[in-house]
1. How many angstrom lie between the C-alpha centres of the stretch 1-78 and the stretch 202-232?
2. Please list 3J(HN,Hα) in residue order for the stretch 46-55, calculated via the Karplus relation 6.51 cos²θ - 1.76 cosθ + 1.60 where θ = phi - 60°; whole Hz, with x for glycine and proline.
3. List the trypsin sites (Lys or Arg not before Pro) in the stretch 21-73 that DSSP assigns to loop (not H, G, I, E or B) and whose Cβ has at most 16 other Cβ atoms within 10 Å. Which are they?
4. Just the number, please: Stokes-Einstein D of the stretch 146-231 in µm²/s, Kirkwood Rh from C-alpha pairs, 10 °C, 1.306 mPa s.
5. Specify the angular offset, from 0 to 90 degrees and rounded to the nearest 10, of the alpha carbon long axis of helix 182-192 from the longest principal axis of the alpha carbons in the chain.
6. Which semi-axes, in whole Å and largest first, does the equivalent ellipsoid of the stretch 85-162 have when worked out from the alpha carbon gyration tensor as the square roots of 5 times its eigenvalues?
7. Over the chain, give the accessible area per residue in Å² for a 1.4 Å probe, as an integer.
8. What trypsin sites (Lys or Arg not before Pro) in the stretch 247-305 are in a loop by DSSP, with at most 13 other Cβ atoms within 10 Å of the Cβ?
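The values are calculated or read from the model by the stated rules, or taken from the named source; none is laboratory data. What you see is a predicted model; the values in this text were computed from it and never measured. Backbone-built Cβ (ideal geometry, glycine too); neighbour counts: all protein chains shown. Note: accessible area is taken over every heavy atom of the protein model, side chains too, but ligands, DNA and RNA are not part of it. Shrake-Rupley method; radii C 1.70, N 1.55, O 1.52, S 1.80 Å.
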Amino acid sequence: MEKKRLGIIGLGRLGFEHASNIHHNIHEAELTAVCSVVEKELETAKEHFNPEIITKNYRDLFDTEKLDGIVIATNSQTHCEIICAAVEAGVKNIYTEKPLGLSMDEIVKIKETVESAEGLIFQVGYNHRFDKNLMEAKQKIDDGFIGKPILIRMESRDQAGIEEFIVKFSPTSGGFIADMMTHDYDTARWFTGSEADTIYGVGGVYAYEGLKACNDMDNTSILMKFKNGVMVILTASRNSAYGYHAPMEIFGTEGSIKVGDFSYNTKNHYMNKDGINRKCSEWFYEYWQDTYKAEMADFVACVCEKREPKVNYLDGFKAVEWAILADKAVKNGEIVKLD
Ligand SMILES: NC(=O)c1ccc[n+]([C@@H]2O[C@H](COP(=O)([O-])OP(=O)(O)OC[C@H]3O[C@@H](n4cnc5c(N)ncnc54)[C@H](O)[C@@H]3O)[C@@H](O)[C@H]2O)c1
């Protein structure tokens, strides 16, 4: 079978990871084109992957004679423009990083554009859905292992960073409640198999004072009730002193499942007079690394087999919609009821 020729738009932190996976790890695809507005990134990509097309203009990747599909890994505020332009230009296979967009207007526009296209394969980058442990836990729940699910608790703690960078990133990220917690809304929807009914939350600035000027936060707790009655508690932090940490518990009438209680980056324990020490994962790339490869491999498989991706535009739409409502709930101290 001929390899699927893919182009990538965005070669930053995550774009380079995707480019590398396509080039090195996915045998059914080849990295034919790369695009970035940063010259240095294009030079590095040429050195590592030697692709046929190297460009600063993302529209050069819409040529369906030369490419079978594209991967969008640009900054979040460009997703809507690039997705809509690609679909309108007739691109048939699109993977886009999360979030789909940053406002209701943007995600409604994307939904309408995607729904109007025929034969479009469109995957959104909720990579946690490709985590082996989460997949196994979800299967156990579906098999009835914990009886009727009652409560899901999820924590997302990012390793503490440099305040200057965190404050600079805030205005283009969509804000903490949208950017940092976006995977959690999606995982909650996947695990409950239901839609949100009510959202409430609290939060604030506890670590990075500069975020106040951006009307943003660094620690939040969101409480949701789903239409099937399941309660979900999501807590998130941008300043975990000990590293990245993302444990989860699903508690039901017959038992409980815990996923990733601690996030170790080693099997070694170091013991001395101070006790036992074991290092945590330093950041989310390390913790979720395998899922980036798995989601891209599945996207390529969807293109080859012409099947619907595991995470589609509607999943992407819901995660952004709930983030916007959660943000409103926390900032206005409201209980938001969904229609
Ligand atoms: N799924 C995950 O775990 C995860 C993790 C990190 C980031 N992300 C998402 O990935 C996306 C990229 O994040 P990042 O941290 O890699 O960003 P980054 O700032 O490191 O890189 C952004 C890239 O986009 C390119 N770009 C921006 N505007 C462009 C345009 N108009 N045309 C062509 N290229 C353009 C830049 O040249 C750069 O290569 C974001 O949407 C982010 O939310 C997802």
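1. So the two Cα centres are separated by 35 Å.
2. Coupling constants for the stretch 46-55: 4, 4, 7, 10, 6, x, 5, 10, 10, 8 Hz.
3. On the way: sites: Lys40, Lys46, Lys56, Arg59, Lys66; in loops: Lys56, Lys66.
Passing both the DSSP loop test and the Cβ count: Lys56, Lys66.
4. Approximately 111 µm²/s, per Stokes-Einstein.
5. 70 degrees
6. Values: eigenvalues 203, 75, 35 Å².
So the three semi-axes of the stretch 85-162 are 32, 19, 13 Å.
7. Numbers: 16290 Å² over 339 residues.
Value returned for the chain: 48 Å² of accessible area per residue.
8. Working: sites: Lys258, Lys267, Lys273, Arg278, Lys279, Lys293; in loops: Lys267, Lys273, Arg278, Lys279.
Counting only loop positions with at most 13 other Cβ atoms within 10 Å, the trypsin sites (Lys or Arg not before Pro) in the stretch 247-305 are Lys267, Lys273, Arg278.
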